[in-house]
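Single-structure report; data block below.
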Amino acid sequence: MAYEAPNPSRATGYYGDMKDAFVDAIAFAEDAGRVDHARRLERRLDLLKERFRDQFTGFDQPPTVGRVGPATQWREAQAAERRGELDTAAAMYQALLDLDDGARELGDIRASAGLALALLRLGQSQAAAAAAALRRVVALPDAPPQLASAARRALGELRQ
């Protein structure tokens with residue numbers, strides 16, 4: 001919904017509604033004795049907060065030094081690739097693929113980065129590096145099935 005908001009204030013309102021819903025769901029899970037589920041919801045809420053802040057705040061400010069969120073790094077990698085800075089883009093895609101994701105909540109962005117890295121390496125005639133990235137995507141336990149399947153198909157085509 002935030003993407004469809006007519007202005008930043010409305011996006012922030014949607015964000016507040018989302019946080020309130022998560023707080024209610026967490027409280028409900030705790031009241032029901034589902035502490036494990038409540039902790040999982042808390043981790044998901046933290047991730048959503050980070051992604052919202054990454055995507056909907058700070059556009060009028062210079063980039064921060066240090067850690068940036070995965071969504072920001074993804075956009076920066078794509079921008080570097082469009083500018084022709086292929087080594088920079090490859091390093092950023094690789095960093096996303098290598099993210100420590102113990103909570104297994106970043107499989108979509110990690111798998112997408114692996115596929116983007118493979119395509120970039122293929123464009124540079126580096127089939128072995130492309131295959132390595134594709135194998136990483138296939139091995140991700142939380143990769144979306146359609147992305148893992150695309151990586152498997154691409155690996156099969158590389159072997160031929």
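The values are calculated or read from the model by the stated rules, or taken from the named source; none is laboratory data. Not measured: the values here are computed from a predicted model. Cβ atoms come from the backbone with ideal geometry, glycine included; neighbour counts cover every protein chain shown.
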Out of (1) under 30 Å from residue 121 (Cα atoms); (2) at pLDDT 80 or above, the one residue 66 does not meet is (2)
Pairing a residue in the range 67-93 that is in the same structural domain as residue 118 (by TED's automatic domain parsing) and loosely packed, with under 14 Cβ neighbours inside 10 Å with any residue that is of a type in the set (Asp, Glu) and not in a helix (DSSP H, G or I), where Cβ atoms lie under 9 Å and the two sit 6 or more apart in sequence or on different chains, gives 79/85
Checked 158, 119 against criteria (surrounded by fewer than 17 Cβ atoms within 10 Å (Cβ to Cβ), in contact (Cβ under 8 Å) with a residue 24 or more places away in the chain, more than 17 Å from the chain's Cα centre (by Cα) and farther than 30 Å from residue 46 by Cβ); the one match is 158
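Kindly indicate whether residue 71 is closer than 30 Å to residue 123 by Cα and at pLDDT 85 or above.
Working: closer than 30 Å to residue 123 by Cα: yes; at pLDDT 85 or above: no.
So residue 71 does not fit the description; no.
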